[in-house]
Amino acid sequence: MPQILIDADACPVKDESYKVAWRYDVPVTVVSNSPIRVPAHPLVSRVVVSDGFDAADDWIVEHVDAGSIVVTADILLADRCLKAGCGAVIAPTGKPFTKASIGNAVAVRAIMADLRAGAINDGLGGPAPFGKADRSRFLSVLDETVVRLR
């Protein structure tokens with residue numbers, strides 16, 4: 001049975017995740033370092049971990065299985081979840097992280113971190129602003145993923 005685990009501290013698609021979960025009767029666990037308000041619904045639970053480095057990531061990795069869908073923008077967490085046998089990892093933009101794509105994503109992340117830390121910082125900027133198209137794409141991909149894992 002699928003379950004949705006949300007890396008929630010900065011997740012912009014929690015409400016969309018709840019909608020899909022309710023449609024398919026799938027439990028959702030919202031994991032964060034500080035209390036986050038969640039709907040009072042039997043399918044939604046909240047886990048507040050310590051504020052230790054990667055505490056939320058560690059909790060998520062320890063609780064994934066082949067039926068888990070992890071929602072995160074954290075590429076390193078996505079890598080850890082896939083290595084732990086997670087069923088699917090989806091970014092809030094709707095981009096799925098897969099075993100085939102995660103190596104490249106980790107490498108690009110490392111290169112960008114090096115560039116931002118070094119002298120070559122002019123004009124790099126950050127990710128594009130999160131928009132309605134991202135939200136819609138996420139909703140569609142999550143829906144398809146739940147159906148596939150069922």
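I'm checking my understanding of the structure. Among residues of segment 23-48 that are of a type in the set (S, T, N, Q) and part of a loop (DSSP other than H, G, I, E, B), which one is surrounded by the most Cβ atoms within 10 Å (Cβ to Cβ)? Taking the candidates together, the pick is ASN33. Only residues that are loosely packed, with under 15 Cβ neighbours inside 10 Å, of a type in the set (A, V, I, L, M, F, W, C) and under 25 Å from LEU139 (Cα atoms): list them for segment 49-81, please. Within segment 49-81, just ALA66 meets the criteria.
With respect to (1) touching a residue at least 40 places away in the same chain (Cβ under 8 Å); (2) in a helix (DSSP H, G or I), the lone exception for VAL64 is condition (2).
None of the figures in this text is laboratory data; all of them are computed from the coordinates on show. Just so you know, these numbers come straight off a predicted model, no measurement behind them. So basically every Cβ, Gly included, is an ideal-geometry build from the backbone, and we count neighbours across all protein chains shown.
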